[in-house]
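Below is one structure, written out as structure tokens, with a few remarks after it.
Every number here is computed from the coordinates shown, using simple stated rules; none is lab data. Bear in mind the structure is a predicted one, so any value in this text is a computation, not a measurement. A quick note on method: Cβ atoms are made from the backbone with ideal geometry, for glycine too, and the neighbour counts reach across all protein chains shown.
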């Protein structure tokens with residue numbers, strides 16, 4: 001289990017990598033002034049996460065979910081029961097979400113707060129019907145919408161390749177210097193920026209919707225290898 005720290009002005013992000021059966025990356029946002037913490041997509045070990053937060057002198061007040069898949073939410077109920085933290089998720093994920101706790105829903109463009117720290121919600125359907133990303137001042141938390149030089153599949157309930165293409169076009173507008181925080185460490189490295197991904201992640205580089213659909217279908221059929229490293233436009237053309 002790897003720990004990565006990222007200090008940014010009013011907040012700090014820390015991440016635990018390779019957690020649980022599917023080796024999730026669990027992200028923590030610590031707001032300095034309020035001493036409150038939001039955990040992103042808690043799964044597998046609620047007590048470990050609560051202990052980590054309380055030992056640092058912070059209070060866990062929020063659970064921000066990027067999507068409904070069990071490996072991203074299976075500790076949410078337990079955390080809420082033990083801390084009273086509020087759960088937030090995209091409105092279009094509600095039909096698929098299997099947790100018992102009360103939830104707050106958000107939509108594209110909503111701004112949510114953790115103390116002095118603000119995050120803008122970006123709807124990014126495709127991997128799921130209502131997946132969202134959280135954009136902070138210097139960081140983008142994407143769940144499984146993007147990985148380092150890859151992205152999540154579209155084959156589970158609610159997945160949609162055409163919607164995923166439009167989500168990628170939306171993420172291409174995020175500033176290049178924004179740090180990317182993914183739901184799994186599936187690439188060649190953990191740390192990356194949106195600029196690096198725009199220049200090497202095929203999911204962000206493909207401009208035409210029909211090519212994007214062909215690329216993902218080919219991958220799901222085993223005809224195109226899943227990428228873990230940067231690719232060039234020429235390499236993408238050869239794969240298509």
- Query: When the chain is modelled as a GNM with alpha-carbon springs shorter than 10 Å, which of 134, 96, 149 fluctuates the most?
  - Reply: 96
- Query: How many angstrom separate the Cα center of segment 108-145 from the Cα center of segment 38-53?
  - Reply: 19
- Message: Within segment 150-170, name every residue whose backbone N is under 12 Å away from a label modeled 7 Å from Cα of residue 238 along the Cβ vector.
- Response: none
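Mean residue ellipticity at 222 nm from the helices of the chain, using -39,500 (n - 2.57) per DSSP H segment of n ≥ 4 over the full residue count, to the nearest 500 deg cm²/dmol? Intermediate results must be reported in sequence, preceding the final value.
Details: 8 runs with 61 residues, N = 240.
Mean residue ellipticity at 222 nm (helix-derived): -6500 deg cm²/dmol.
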- What order do you get for 68, 44 when you list them from fewest to most C-beta neighbours inside 10 Å? 44, 68
- Task: Could you work out which residue, out of 76, 225, 43, moves most in a Gaussian network model of the chain, that is, has the largest mean-square fluctuation with Cα springs under 10 Å?
- Result: 225
- Taking every DSSP bridge whose two residues both lie in the chain, the antiparallel percent to the nearest 5 is 65
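Given R₀ = 30 Å, what would the calculated FRET efficiency be for residue 173 paired with residue 98, taking r from the Cβ atoms and rounding to 0.05?
Here the calculated transfer efficiency is 0.40.
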- Task: Quick one: among 131, 195, 183, which has the greatest mean-square fluctuation in a GNM of the chain with alpha-carbon springs under 10 angstrom?
- Result: 195
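Just need the relative contact order of segment 2-239 here, percent rounded to a whole number, with Cα pairs under 8 Å and 6+ apart.
Details: 529 pairs, mean separation 32.0, N = 238.
Answer for segment 2-239 is 13 percent.
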